[in-house]
Structure formats: structure tokens, C-alpha cells
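Note sheet for the following structure.
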Amino acid sequence: MADKVLMKGNEAIAEAAIHAGCRHYFGYPITPQTEVAAYMAKVMPKIGGTFLQAESEIAAINMVYGVASCGLRVMTSSSSPGISLKGEGLSYLAGSDLPALVVNVQRGGPGLGGIQPSQSDYFQATRGGGHGDYHMIVLAPSSVQEMAELTVKGFELADKYRMTAMILADGTMGQMMEPVSLDFELEPVPEKPWATTGTKMAREHNIVNSLYLKPDELEKGNFDRYERYKIVEANETRYEEYLTNDADIVIAAFGIAARVSRNAVNEARRLGIKVGMIRPITLWPFPKAPFEKAAEHAKAFISVELSMGQMIEDVELATKCRVPVSLCNRAGGMIPSPAQVLDCIKKIANGGNN
Amino acid sequence: MDYKRITIICGHYGTGKTNIAVNMAFDLKNKFEKTAIADLDIVNPYFRTKDSETEFIKRGIRFICSEYANSNLDIPALPQDIYSITDERDTKFILDIGGDDRGAYVLGRIAPAIKAEGDYEMLMVVNKYRPLTKDAESTIEVMSEIESACAIRFTGIVNNSNLGVETTPGVVLDSLGYADEISKLTGLPVVLTTAEREIAESLAGKVDRLFPLDLQKKIFDN
């Protein structure tokens, strides 16, 4: 009891980042993630770190590029429209194989959209976000505790695989308050012999760059990177299964949608309907295995999303369309209620489609 | 509690100001006919007093709020009838102020009139389980930042120490020393100790000046 504190999701991200050794934060305020920057602004000066409100999101992501090149843990955070602005920088980070943490506390879109929660940046996050062939490790917390834990994990995975890790949260996750334990086990930070830390006349220059004008060299970089991605897919896929063993209907939901769906699953079970849930924690790499397994006994899947249906495509791919997948969704800043999800479950259980 | 004409609720963000303001408005309405609550939070567009608007209307509590609250227009704006607070002296007001010094700047605009009238209470809501106000020193630092921003001094402390869903009577009891220390260092009284109704009931007799809170409903419970 005494070791817990009450935090907003956004604060938990900031505090966890500091625990993970991040001493450089660059960002530009946008609702609903501003508390990340506000917390960093308060704490970083007291611990010898750098908080800098950049002139734009584009400037912030390029400052991230600079610090990452020096081999230090660095992050930026924003919400949907701001992440679009960072798109070019995300691609440059990937092209230069730099580790960094980027937080997207999603809001409704497209365009300037609204300020209420959304999950409609799933495609943008899981398919890269910027131009070129690349992936980010995408982590989807569904509690304030996970906001903290996955932030630490994000830094560790980014360093380990020289990739950008993204925390894909939503406005509710950012704003809601829950008790958190900040007692983390940290993995040692790996050596970064590639970092631009000064040669001290003892080694060759390190060059961090994403420009390769010789196509064969550029191709090799892409092939090497995708070999690394295979290792990430094999080793770092995370998910939670809830009552899936005997399930006729399996819900796929992440983040806030999983919190809502869990209530609907419990209620449906009380009514005697065999429902379970697979909650992807990594959205890339997507946890295909539990879906393949569940497709052997489930008669239907329901993808519950705060979007017009984006993750549903990965569920269909993972199950190879062997079983019908329905969508239960709200969009534009609205959140599905447990009752809405329960209605979807009942409809499917009675043999209908959504 | 006895209400002055204006009760101002301030504090570090996320300490539970809005819940307390809403519950105080309900309590005040039971004691005084002409009750009003004003949402002057220009900082936080999520979880705000406006969420309880239908309940205010049902109970006949006047509600003052920016026209743009809970809309998609994400700009800090003040209610057009903000001067009712200082002009309508037959009404008792609860003011819900945004978090930290940034939220308290709003008050500066009406502070001279509030101080000239002199019938107000300004309460600092504290929670020892919030990481940036975890001890008396850091809490007092936030207090002086708020006072500098709004040009009004605090008159009392509300101890709303809680751990959200994991709050137990023990969590509240463990916070009493923290509130007392703030009281000792600032010379201000602990006006209330607040807790969710069920917990408050089990603390009856153990804590002075307990104020039970009915919390806003959440959309999920795990």
C-alpha cells in the first residue's frame, strides 16, 4: 500500500521514463497528452535532465534524432495530429537504426479531429507512420500501471533492437488516474559502440545517417533490418488471454477497448455465453499465435475498437479468414460501452452478424 | 461545514478538486437555497464539473461554465457570466479552479472583488499519494505557486489523500500526519478530511471533520 502512488496515465509515462534513465525530453503541447510534457518540465531541471519545448513537433522529433545518435535514452510525446507531423522523423530514425521512445496518446481524427480518446492511429503506428520499409515496436497499455511498465520496456526494447518503440495509448489512458507501483526491475543498458560520442582519437568516426545513394547498399540495409524484425517478432510478441480456452466467441481488443470489453465478457459469461478475449499488448509485432490457436475452436471473432476498424484486418490475417470477424466500434472520440459490446456478443451468439 | 459566500477549491492537478467541488455544491444546496457552482477550469478538458451538469439542474443548483467546455473546441475560455460570482451577493458559490498555478491564474481576474468583499474561504486540496505533492514541503511549494498566480491566500486545507480504487480506511488514516504537518508549517487549519462515502462511514469517530464523497461513475469497473 505504502509503495503505491496515484497517477494519471500521462504522468506515469513521464515518471517511468525518468526511472528508465531518460534525461532528454523534447515535445510540443497537445491535448490529451500535455501532462507528459508538464511533468517533464517540472522534474527534469531538478535531476539535471533536459526538458525542451520545441518550436514544433517536427523540431522535437529531430532533437530526438540528435540525442539518440549520441546513444542516450530520449523521448518525445504527442497526440495524433502531432504524430503525423513527426512522421518524417520517425522514418529517419528507422533509416538510421536509432533507438528512441515515442508516445502517442491518441485523439479522434482525421484532421485536427477532436480531443477525446481514439484508437484510429493503429494503421499509422503498426505500418510505420512515415515513408519507406520499416516497423516500430508498438506497445498498447490498458492500465496506468502498464503505461509505466511498457514505457520502461519500450526504452529497453528500443536499445536492444536499435528501433523506435511507440507507446500507443489513448486520451482515456492518458487522463485516467489509478494507483501505480513504480518499483521496476531495470535491464542493464546495452553498449552502443555505434553512437557519436567523440572518437577521442581512439577509433574510426561513427556516422549516423539514413542517406544511401548506392541502391545496393540501401537494399542491404533494408534486408538486414528485416532480419532483425524477424527476431523481434519471434521474441517480443506480448498479449494477454482471458477465458479463451473454451470460448465460442473471441473478442480482440487493446487498450481502453480491452478494459470495456472485459466487463462485457464477464457479463456474457454470467449469461452462459462462452466468450473470451485476446488483448494484444504489442500491436507490432502482432500476436498471431493466440489468434491462430483460438480460430481452431472459436466460431466467431469480434474486434472491439475506437476506430472504423483497423486492427480487425490483423485479426483476419492472423486467423486467415477461417472464422468470421465482426466489428464492434465507436469513433471520433466516443468509447463503446460494456452494454454495446455485450449486445454485439449476444447478436453473434444468436447466429447473427454485426 | 459552514460555507462562506464564496468557497474556492484549488490544488495540484489530479488531487480530486472537481469531485470535492461537486459534492460541496450538493451539500451547500441542502443548507442554502441560492447555491451555485462555477467551473473555472481552463486547464483540463477531461473529467470536469460539467460532467455533472444534469445533476445540478435536477437539484436546482445554478451552474456557471465556459460555453466551450466538453466541446471539440480545445481553447481555454472563461464563462461569460463570470462576474455573477462577485456581483450576485445573495448567492453562495463553490468555485472549481484548474490545477496548479496555471489553473489559478483565472482567479486573479476576480480576486480584487473577492478580497474586497472578504466573505470567502480558499481551500487547498491535498493528496499525499500524488507523487509531486507526496510530502509537506512539496505541497507547500505548490501552494505558494498557486497563491502567487491568483493573488489570494489560502484559508484552509482539505485532506483528500486517496489511492483511487485501492483506497482503504488505512490509506486515509496514514495521511493524517501529512495533513497535520502542512497545517503546522502553514498555520492553516485542516478544514475537512474527505473520503468516498463507504470509507468515510468506516472512519466515523476516528477522523475529525469527515466529509463523505459520492464519486462520479466510471464506464468500467476493473
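Isolated cysteines in chain A, defined as those with no second cysteine Cβ under 4.7 Å, comprise A:C22, A:C70, A:C321. About the centre of its Cα atoms, the protein assembly as shown shows a dipole size close to 500 debye [charges on the beta carbon of Lys, Arg (+1) and Asp, Glu (-1) only; nearest 20 debye].
When the alpha carbon gyration tensor of the protein assembly as shown is reduced to an equivalent ellipsoid, its three semi-axes come out at 43, 30, 21 angstrom, largest first.
B:A151 versus B:E166, label points 7 Å from Cα toward the beta carbon: distance in nm? Result for the modelled spin labels: 4.3 nm.
Would you work out which of A:N62, A:V260, A:V152 lies farthest towards the positive end of the dipole of chain A? Charges go on Cβ: Lys and Arg +1, Asp and Glu -1. The residue sitting most towards the positive pole is A:V260.
First measure r as the distance between the Cβ atoms of B:D2 and A:K42, then evaluate 1/(1 + (r/R0)^6) with R0 = 35 Å and state the FRET efficiency to the nearest 0.05.
Plugging the Cβ-Cβ distance into 1/(1 + (r/R0)^6) gives 0.45.
For B:R102, neighbours were defined as the other residues whose beta-carbon sits under 11 Å from its Cβ, and their charges (Lys and Arg +1, Asp and Glu -1) total -4.
Peptides A:43-52, B:123-132 ranked from most to least packed by the mean count of surrounding Cβ atoms within 10 Å: B:123-132, A:43-52. Note on A:S56/B:L203: beta-carbon distance plugged into 1/(1 + (r/R0)^6) with R0 of 41 Å gives a FRET efficiency of 0.20. Taking every residue in B:162-168 and counting other chain Cβ atoms within 10 Å of its Cβ, the average works out to 5.
Given +1 on the Cβ of Lys and Arg, -1 on the Cβ of Asp and Glu, and no further charges, what dipole in debye does region A:267-354 carry about its Cα centre, rounded to the nearest 20? The dipole of region A:267-354 has a size of about 320 debye.
Annotation for region A:84-188: chymotrypsin sites (Phe, Trp or Tyr not before Pro) lying in DSSP loop with at most 16 further Cβ atoms inside 10 Å of their Cβ are A:F184.
A:S96: net charge of surrounding residues, Cβ under 12 Å, Lys/Arg +1, Asp/Glu -1, itself excluded? Around A:S96, the surrounding residues sum to +1. Shape class for region B:1-154, computed from the alpha carbon gyration tensor (a ≥ b ≥ c): rounded, with a/c under 1.5.
Would you tell me the mean number of C-beta atoms belonging to other protein chains that fall within 10 Å of each C-beta in B:121-131, as a whole number?
Shielding by partners across B:121-131 averages 3.
Given R0 = 56 Å, the distance between the Cβ atoms of A:A289 and B:D27 translates into a calculated FRET efficiency of 0.55. Using the average count of surrounding beta-carbon atoms within 10 Å as a protection proxy, the listed peptides A:247-260, A:287-300 rank, highest first, as A:247-260, A:287-300. Computed over the alpha-carbon pairs of region A:184-267, the distance histogram in 10 Å steps reads 11, 21, 25, 20, 15, 7, 1 percent, short to long.
The charge dipole of region B:6-213, taken about its Cα centre with unit charges on the Cβ of Lys, Arg, Asp and Glu (plus for the first two, minus for the last two), comes to roughly 320 debye. Comparing B:I97, A:P32, A:W194 along the charge dipole axis of the protein assembly as shown, the residue lying farthest to the positive side is A:P32, per the Cβ-charge model.
By the beta-carbon count within 10 Å of each Cβ, the least crowded to most crowded order of B:S52, B:S84, A:S96, fewest first, is B:S84, A:S96, B:S52.
Think of region A:302-349 as having a plus end and a minus end, set by charges on the Cβ of Lys, Arg, Asp and Glu; of A:C321, A:I335, A:I348, A:I348 sits farthest toward the positive end of this dipole. Put in line by how crowded their Cβ is, counting other Cβ atoms within 10 Å and starting with the fewest, A:R322, A:R279, A:R162 read A:R322, A:R162, A:R279. Fully extending the segment from B:T91 to B:L185, taken as 0.36 nm per residue of separation minus the present Cα-Cα distance, adds 30.5 nm. Going from the residue with the fewest nearby Cβ atoms within 10 Å to the one with the most, A:L93, B:L213, B:L40 rank B:L213, B:L40, A:L93.
Expressed as a rounded percentage, what relative contact order does chain A have, with Cα pairs under 8 Å and six or more residues apart?
Relative contact order, chain A: 17 percent.
In terms of distances greater than 23 angstrom between alpha carbons, the cross-link table entries B:K17/B:K92; A:K46/A:K160; A:K153/A:K274 yield A:K46/A:K160; A:K153/A:K274. Legend: mean number of C-beta atoms from other chains within 10 angstrom of residue C-beta atoms, peptide A:6-13, equals 4. Applying 0.36 nm per residue to the separation of A:R127 and A:L317 and subtracting their alpha-carbon distance, the gain on full extension is 67.0 nm. Calculation over all alpha carbon pairs of region A:9-115 in 5 angstrom steps from 0 returns a P(r) of 2, 14, 25, 25, 20, 10, 3, 0 percent. Return one number: the angle in degrees, 0 to 90 and rounded to the nearest 10, between the long axis of the Cα atoms of helix A:57-69 and the longest principal axis of the Cα atoms of chain A. The angle comes out at about 60 degrees.
Just so you know, all these numbers are worked out from the coordinates, no wet-lab data involved. Since the model is a prediction, treat every value here as computed from it, not as a measurement. Don't worry about glycine lacking a Cβ; one is built from the backbone with ideal geometry, like all the others, and counts go over all protein chains shown.
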